[in-house]
1. Those residues that are surrounded by 16 or more Cβ atoms within 10 Å (Cβ to Cβ) and part of a loop (DSSP other than H, G, I, E, B), I need them from region 285-313; list them, please.
2. Pick out the one residue from 28, 2 that is at pLDDT below 95, in contact with a strand residue (DSSP E or B) (Cβ under 9 Å, 6 or more places away or on another chain) and part of a loop (DSSP other than H, G, I, E, B).
3. Does residue 51 satisfy being of a type in the set (A, V, I, L, M), part of a helix (DSSP H, G or I), surrounded by fewer than 24 Cβ atoms within 10 Å (Cβ to Cβ) and within 20 Å of the chain's Cα centre (by Cα)?
4. Residue check: is residue 35 open to solvent by 10 Å² or more (accessible area, probe 1.4 Å), more than 18 Å from the chain's Cα centre (by Cα) and farther than 30 Å from residue 313 by Cβ?
5. Please enumerate the residues belonging to region 117-165 that are open to solvent by 40 Å² or more (accessible area, probe 1.4 Å) and either in a helix (DSSP H, G or I) or of a type in the set (Lys, Arg) (or both).
6. Just the residues that are small (Gly, Ala, Ser), in a loop (DSSP other than H, G, I, E, B) and touching a residue at least 60 places away in the same chain (Cβ under 8 Å), please, taken from region 235-280.
7. If you take the residues in region 167-179 that are open to solvent by 40 Å² or more (accessible area, probe 1.4 Å) and either in contact (Cβ under 8 Å) with a residue 40 or more places away in the chain or in contact with a Gly (Cβ under 9 Å, 6 or more places away or on another chain) (or both), which one is nearest to residue 128 (Cα to Cα)?
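The values are calculated or read from the model by the stated rules, or taken from the named source; none is laboratory data. Just so we're clear, the structure is a prediction, and the values are computed from it rather than from any experiment. So basically every Cβ, Gly included, is an ideal-geometry build from the backbone, and we count neighbours across all protein chains shown. Calculation scope for accessible area: heavy atoms of the full protein, side chains included, ligands and nucleic acids excluded. Shrake-Rupley method; radii C 1.70, N 1.55, O 1.52, S 1.80 Å.
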Amino acid sequence: MANPVLVEALRGGVVESRHRGAVAVVDADGGQVVAIGDVERPVFPRSAVKAIQALPLVESGTADAYHFGNREIALASASHAGEWAHVELVQAMLARAGLDEPALECGAHWPTNHETTVALARSGAVPTQLHNNCSGKHAGFLCTCVHNGIDHHGYIGHGHAFQEMVREALETVTGAAHSVDACGTDGCSIPTYAVPLKNLAHGFARMASGTGLSSARAAAARRIFAACTAEPFYVAGTGRADTVMMEAGGGRLFTKGGAEGVFCAAILELGLGIALKCDDGAGRAAEVMVAAVLRDLLPEDDPLRTALAAMAQPALKNWRGIEVGSLRPAGALAG
């Protein structure tokens, strides 16, 4: 089954590129609200499921033991831009557990925030693992290991005791088997599992509503979503799509992007979960897709719908800042 074109890129008034994809919207009881394209096809959610991966941090009592507030919990669910505030908070989280940067096993890369990268390079420094966009998540993993008496060495490995905690959370919340046959290695070196979009959407509906989860897990999910929506800068960074959408949502929306054109989201007041994949992995198209889907799920007269509609049609500019085109939703998302 070929997925439909859902986003078009225009140069001037002419369509230059087209992006195909699939979208699933599911309610807390597992009812299918929207299905566009092949929502049964397994996809790697990558970083889009970090909020679920953060459940052990809260459920185990680690967050309370180390006095983590909204910023720390948001950062543990983040793909941050490596800005100074992100790096400093990761350091502080590790210090609570008596650890420092070498304990991380995520690898190092330059910050995705351009200004921070320029400043770092001008200083003559090189990036460390603290700058990795997943370092907040890994800090949460390490803290959970230390608090629960789990040897943290090799915590990224498939079969490690901590990764089994994460896998159990993912399976329980999404209702999909996370088997070794569907397991790959993520960019930050932890296991990532391919599961259908419909299951990912159901998982985020459950996270938003608590339906089908134990009371402890439902409370942990509420706390994670509350932290992320209260501190969206720590989930992503300056000007990033997740930050912008959650700031506009004012606590009503949770969104989280992942590599290769994946997005998961939830409308908290409606208990709806969303999962989507842009087939060609284009992040720019996935951002348009999620904004359009969220827009269409809100009432016509909702001001947030208007804000999301604008986000779904971003201008494209060249290096001189001249507007040369735009992106727009297409097909079933055209609105």
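1. Passing the criteria: 298, 312.
2. Numbers: 28 fails: at pLDDT below 95.
Step by step, each of 28, 2 is checked, and only 2 is at pLDDT below 95, in contact with a strand residue (DSSP E or B) (Cβ under 9 Å, 6 or more places away or on another chain) and part of a loop (DSSP other than H, G, I, E, B).
3. Values: of a type in the set (A, V, I, L, M): yes; part of a helix (DSSP H, G or I): yes; surrounded by fewer than 24 Cβ atoms within 10 Å (Cβ to Cβ): no; within 20 Å of the chain's Cα centre (by Cα): yes.
It is false that residue 51 is of a type in the set (A, V, I, L, M), part of a helix (DSSP H, G or I), surrounded by fewer than 24 Cβ atoms within 10 Å (Cβ to Cβ) and within 20 Å of the chain's Cα centre (by Cα).
4. Working: open to solvent by 10 Å² or more (accessible area, probe 1.4 Å): yes; more than 18 Å from the chain's Cα centre (by Cα): yes; farther than 30 Å from residue 313 by Cβ: no.
When the stated conditions are applied, residue 35 does not pass them.
5. 118, 119, 121, 122, 146, 147, 161, 164, 165
6. Listed by number, the residues that qualify are 236, 237, 259, 261, 271.
7. Initially, region 167-179 is screened for residues open to solvent by 40 Å² or more (accessible area, probe 1.4 Å), giving 167-168, 171-172, 175, 177, 179.
Next cut, either in contact (Cβ under 8 Å) with a residue 40 or more places away in the chain or in contact with a Gly (Cβ under 9 Å, 6 or more places away or on another chain) (or both) only: 172, 175.
Details: 172: 34, 175: 36 Å.
In this case the residue turns out to be 172.
Yes or no, residue by residue, for (1) among the aromatic types (Phe, Trp, Tyr); (2) modelled with pLDDT under 95; (3) crowded, with 24+ Cβ neighbours inside 10 Å; (4) out of contact with any strand residue (DSSP E or B) (no Cβ under 7 Å at 6 or more places or on another chain):
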site	(1), (2), (3), (4)
209	no, no, no, yes
217	no, no, no, yes
233	yes, no, no, yes
242	no, no, yes, no
246	no, no, yes, no
253	no, no, yes, no
270	no, no, no, yes
274	no, no, yes, no
